[in-house]
Amino acid sequence: MADMPPFVAIVAAMAVASSFILAIQARAAVTPLSEAQSDYVEYCAGCHGMQGSSAPSRVPELRDRVGHFLCTREGRAYLIRLPNVAHAPIRDDAQLARLMNFVVFALGGKSAPSDALPYSGSEVAAMRKNALKQTALVNLRRRIVADLVRRCGAPPDLHGFSAGAPFTGEAGATRSVQSKR
Ligand code: HEC
């Protein structure tokens with residue numbers, strides 16, 4: 001810009017700067033995460049993976065599987081009563097319901113029964129008051145999954161933490177007993 005009159009150089013510089021800003025704004029406008037998605041990333045994805053799939057011997061796969069739990073009343077409540085869900089640092093029950101609807105219907109894919117209703121805030125409020133203790137989880141999960149397999153035709157490998165994989169790990173980030181199936 002050395003040979004331009006100063007005014008032209010300033011306008012040219014401003015044009016460059018504003019197109020740069022527009023480019024940044026255009027980038028920021030690209031599909032922002034929904035509140036439920038960003039809550040999932042913040043509070044759950046560290047263990048369960050960005051796509052609902054992570055170390056499956058220790059952490060159950062959510063992807064294309066977690067929706068099965070909606071088939072029974074107990075299974076539906078189990079998902080909200082899980083310590084990491086019931087005690088998630090999301091105070092607003094409706095917000096937690098939206099997060100769980102993302103988990104079961106988006107990550108869960110086709111595994112959710114076609115007539116399953118989304119969680120409501122008041123339903124989540126009641127269920128999370130009845131949070132599970134980590135030690136009770138393994139037996140309760142086994143019983144719920146047996147019921148889902150028997151009554152709803154869920155795949156038997158739902159007993160494990162991922163498709164086709166036997167359950168080999170410890171349940172929970174905390175200590176627990178090994179599944180004997
Ligand atoms: C510290 C790691 C960790 C975090 C954080 C975590 N989870 Fe989990 N999650 C687990 C483990 C381990 C299990 C297996 C059951 C258990 O022992 O708690 C589990 C079980 C589940 C299940 C039941 C799946 C099944 O097949 O039994 C769901 C649903 C779930 N978590 C959702 C969430 C959601 C939603 C969040 C975020 C609010 C979350 N989890 C945060 C580790 C975690």
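FYI, it's all coordinate maths here, none of it is from the lab. Not measured: the values here are computed from a predicted model. Virtual Cβ from ideal backbone geometry, glycine too; neighbours counted across all protein chains shown.
Separation of the stretch 81-133 and the stretch 36-65, taken as the distance between their Cα centroids, equals 14 angstrom. In whole angstrom, the stretch 35-159 maps to an equivalent ellipsoid with semi-axes of 20, 16, 15, each derived as √(5λ) from the alpha carbon gyration tensor and ordered largest first.
Charging the Cβ of each Asp and Glu at -1 and of each Lys and Arg at +1, and nothing else, the dipole of the stretch 35-159 about its Cα centre rounds to 520 debye. Sorting the segments 47-58, 102-113, 62-73 by their mean number of nearby beta carbons within 10 angstrom, highest to lowest, gives 62-73, 102-113, 47-58.
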